[in-house]
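Here, each number is a calculation from the coordinates, and none is a lab measurement. In this text the structure is predicted, and so the values were computed from the model without any measurement. Here the Cβ positions follow ideal geometry from the backbone for every residue, glycine too, while neighbour counts run over all protein chains shown.
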Amino acid sequence: MQLNVTTDYGIRVLLALHQKKGIATADEISDMMGISYRYLIKVVSKLKKSGFINSISGPTGGYQLEVPISEITVGQVCSSMEQTMKINRCMEKEGECSRNAQIYCPVRKFYFDLQMHLEQHWFSISLQEILEKY
């Protein structure tokens, strides 16, 4: 399992905006984080849609945090950037199982347990904690 690069960049953009302590232009963020300008626009669009940041128009405009990083969890960023956070397709709502064994399959039960541990961890770690601990 691997998070997509958009998720990684989303976390990095939020941390960069926190460190900037104010408004940062797309060019500044792009330079700070080593993200191409075109890809950055895709990332900030998702972050804005999720309510983590807002944009300021005009010659002194740019992007700024809408929510403090102490209130944003890794899980929130992941769920706003990823199509799914499920580790296997049998964990999705549709519960696709080629054997029709959703109820008694030991592998699915293991995946479910693993999924629960991952989600508990992702949704308990704030971006502020990342800066403080790592």
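When the pairs 48/109; 42/93; 49/109; 21/93 are compared against a 31 Å limit on Cα-Cα distance, 48/109; 49/109; 21/93 fall above it.
Give, rounded to the nearest 20 debye, the magnitude of the charge dipole that the chain has about its Cα centre when Lys and Arg contribute +1 at Cβ and Asp and Glu contribute -1 at Cβ.
Details: 15 positive and 14 negative charges, 64 e Å.
Around 300 debye, computed over the chain.
By the rule of a C-alpha distance below 13 Å, with chain neighbours fewer than 8 residues away ignored, no aspartates and glutamates are paired with residue 133.
Note on the chain: Cα Rg divided by 2.2 N^0.38 Å, N the number of residues, gives 1.25.
When only alpha carbons are used to place a centre, region 43-65 and region 4-21 end up 12 Å from one another.
Let me have the relative contact order for the chain, percent, based on Cα pairs under 8 Å that are six or more residues apart. Computed over the chain, the figure is 26 percent.
How big is the shadow of the Cα convex hull of region 61-134, averaged over all directions, in nm²?
Working: hull surface 27.5 nm².
Computing the convex hull of the Cα atoms and averaging its projections yields 6.9 nm².
Across region 9-69, the fraction of Cα-Cα pairs farther apart than 16 Å, rounded to a whole number, is 32%. Over the chain, dividing the summed -39,500 (n - 2.57) contributions of all DSSP H runs of at least 4 residues by the number of residues returns a 222 nm mean residue ellipticity of -16000 deg cm²/dmol.
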